[in-house]
Amino acid sequence: MADVRRIKVITLDDRTLEFQLHSKLLTKDLLDLVASHYMLKEKGYFGLSFRDNNSNLIWFDPERKVTDYSIPKKPETVTLYFGVRCYIESITHLQDSGTIELFYLQAKVSIYKGDIEVDSETAFELAAYILQEAHGDFTTDIKAQTQLKKLPVLPTKALQEHPSLSYCEKRVLFYYRRLEGLSRGQAIVW
């Protein structure tokens with residue numbers, strides 16, 4: 001009987017997709033399954049990765065079997081990550097809105113985690129765009145602050161560089177007020 005393990009793929013929108021990992025499964029076939037979840041047309045920009053025992057991110061070669069890699073044997077369920085593997089100079093080169101949204105999600109996560117470093121003011125402005133994308137136009141300070149607290153958008157570095165969380169929130173709200181009338185799609189691509 002073939003070696004079969006459970007596999008879960010964490011997507012850019014924090015969903016978990018579960019599959020059976022058969023010993024002969026090619027990475028490109030698994031990637032096709034994940035891409036079909038998004039009805040993704042421009043698959044070439046994306047890939048699957050895992051974290052090794054030293055927490056290094058290891059990208060899979062689409063032409064190799066998933067089991068060719070030294071994936072940690074414990075726990076029983078293998079965790080993989082779906083993400084942008086190949087970046088482009090400008091999102092204007094992308095043709096599908098779904099691909100653009102996935103690039104946006106990758107950038108949002110990468111900035112929050114500190115994988116992409118930006119200065120504090122840029123982080124505050126980007127957080128305002130995320131609020132606009134997620135909640136639409138600014139209404140009140142209290143509502144916007146509540147929404148901001150629920151979204152993981154401000155990188156730790158930006159929070160550490162300033163005297164208080166309140167100061168950081170005020171900077172985000174300053175930018176958020178200026179985005180009135182911007183559609184969700186515009187907030188994603190700006």
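Every number here is computed from the coordinates shown, using simple stated rules; none is lab data. The shown structure was predicted, so the numbers you read here are calculated from the model rather than taken from an experiment. Cβ sites come from the backbone with ideal geometry, for glycine too, and all protein chains shown count toward neighbours.
Using only side-chain charges placed at the Cβ, +1 for Lys and Arg and -1 for Asp and Glu, the dipole size of region 98-190 relative to its Cα centre rounds to 260 debye. Mean-square fluctuations from a GNM of the chain, with a 10 angstrom spring cutoff on Cα atoms, peak among Tyr45, Tyr176, Tyr112 at Tyr45. Summarised in one figure, the compactness ratio Rg/Rh of region 117-189, Cα atoms and Kirkwood Rh, is 0.94. Against the main long axis of the alpha-carbon atoms of the chain, helix 165-177 sits at an angle near 80°. For helix 27-38, report the angle its Cα long axis makes with the longest principal axis of the Cα atoms of the chain; keep it between 0 and 90° and round to the nearest 10°. Its long axis makes an angle of about 40 degrees. Counting only residues at least eight positions apart within a chain, or on another chain, the aspartates and glutamates with an alpha carbon under 14 Å from that of Lys8 are Glu18, Glu76. Rounded is the label for region 4-84, because the ratio a/c of its alpha-carbon gyration tensor axes (a ≥ b ≥ c) stays below 1.5.
Checked against a 31 Å cut-off, the cross-linked pairs Lys41/Lys143; Lys41/Lys108; Lys65/Lys150; Lys24/Lys108 give Cα-Cα distances beyond that limit for Lys41/Lys143; Lys65/Lys150; Lys24/Lys108. Restricting region 18-67 to trypsin sites (Lys or Arg not before Pro) that sit in a DSSP loop and have at most 15 other Cβ atoms within 10 Å of their own Cβ leaves Lys24, Lys41, Arg64. The C-alpha atoms of the chain define a longest principal axis, and helix 141-150 lies at about 20 degrees to it.
Relative to the Cα centre, what is the charge dipole magnitude of the chain, using +1 at the beta carbon of each Lys and Arg, -1 at the beta carbon of each Asp and Glu, and rounding to the nearest 20 debye?
Using only the charged Cβ atoms, the result is roughly 540 debye.
Fewest-first ordering of His37, His22 by other beta carbons within 10 Å of each residue's beta carbon gives His37, His22. Which GluC sites (Glu not before Pro) from region 72-157 combine a DSSP loop assignment with at most 11 other Cβ atoms within 10 Å? Qualifying residues, ordered by number: Glu76, Glu89. Binning the C-alpha pair distances of the chain at 10 Å intervals from 0 yields a P(r) profile of 8, 31, 29, 21, 9, 1, 0 %, listed from the shortest bin outward.
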